[in-house]
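Here's the structure we're looking at; comments come further down.
Rule-based calculations on the coordinates, nothing more; no lab input. Predicted, not measured: the structure shown is a model, and the values here were computed from it. No Cβ is skipped: glycine too gets one built from the backbone with ideal geometry, and neighbour counts run over all protein chains shown.
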Amino acid sequence: MRVKRYVVDSMPDALQKIRTDLGKDAVILNTKEIRTGGFLGLFGKKKIEVIAAIDGATNSGGAAQRFTPQPQTHQPQQQRVISQDQPPRAQSQLSDFPDVPDVIAPVSAKKEPVTVSAGVETQKSFASQQIYSPVSVNAPNRGILKDEHLMEELKQMKDMMRKLTHASEESNLPEPLQKIEQRLIDQEVDPTLVHQIMDEVVADFQLADEPITDETALQVVRSKLGPVFQSDRSKQISPQTRVVHFVGPTGVGKTTTIAKLAAEQVLKYQRKVGFITSDTYRIAAIEQLKTYGTILNVPLEVVFSPQDLAKAFHNLAECDVIFMDTAGRNFRNEMYVSELNSLLKTQGNSETILVLSLTTKYRDMRAITNNFNKFKLDKVLFTKMDETDTYGAIVNIVHEFSLQLSYVTNGQSVPDDITEMNEWQIIDLLLEEPRA
């Protein structure tokens, strides 16, 4: 096994040197921050010390050479015999690679001399039955770890190397893709999804053997974002749907959104609509929905418990579709969410639409969706699109929870400021140049 120590300014510098010296199969064993230079330990420059290694049996671009111990000959200037009884420090001085006793130490089953060629790294012979084991420099007795433990550590090191290699390759993207990647990150699209898309785009260009320009890069990235939103289901409320439940946290605009959709059903589709509200916690919530009901000539039923639902549905039996407004509660309290779920159990075809505001932080959006998704969610509706210029949360929610897009609101006017979500418009907004 060949071990090398690097002192560099950054990890990408280290990765480049490791690839050149040891090849792509090398693994990083240890990294730590050190200070170099300065006066009396002060004003030193921060550096990173990286210890990397590669199996002696691997030959990557000449980085590591394979050979076995040779018989001893009478050539004192060409060969030396190192006894395993010599102190570790003495052995390391006869080897070309840096002294790193706190990372790898050879433990031999037999104390036999090992022949080493001068000027060449010490190599492990398959016939010598040597086992390499990670040990501590301060450990008095260097024990041999079991093979499975060693293999597990090597696997973890390779995983770390793969992640660090991926991080360094991000900066190697062509300039047109770098700009698009930064745009998507600024729009708060999940970085994992962004990197996945960039990898696919690079692979497509390599397969086609075409140059990457700003225009072609935008076209290919746009085509990769499209399938994230694609679904066979309709964004509109189905004509077969009997009850539509609207759920979500406080302050996202559920009641106003219900009024907009009710107006669409009454004026555009000539359907008879009914309202049910269980929002008895918010002051004037019932009066607000009752005002909309009066304007649209829509009956309203108020329920205080799940037991009141049967009576409300009976009174609205002649309605084609019933919109149910639920109370916005603390989504982090699972008891409240469970109480809400008991109100969503209805007979016949129903849909449950999660209402989210685009002005909410994505971390909170994710927590909200995760809690409500434990029960039954069919679609997601976004509000307050006119109050933000960041739309990455739309991509993240649809991608992570596989929810169907429905509508988006962009103002307070009833019934005008609501439209079906156009995913290609969202993609264009994500990819357009930042505004001054």
Excluding residues fewer than 8 places away in the same chain, name every one of the aspartates and glutamates whose C-alpha is closer than 18 Å to that of LYS268.
-> ASP320, ASP416, ASP417, GLU420
For region 380-392, take each phi angle, set θ = phi - 60°, evaluate the Karplus expression 6.51 cos²θ - 1.76 cosθ + 1.60, and give the result in whole Hz per residue in order, putting x for glycine and proline.
-> 10, 10, 9, 10, 6, 5, 6, 9, 8, 10, 10, 10, x
Lys/Arg Cβ at +1, Asp/Glu Cβ at -1, dipole of region 209-269 taken about the Cα centre: which of ILE212, GLY251, GLY226 is farthest positive-ward?
-> GLY251
Given LYS235/LYS260; LYS290/LYS311; LYS24/LYS45, the pairs whose alpha carbons are separated by over 22 Å = LYS24/LYS45
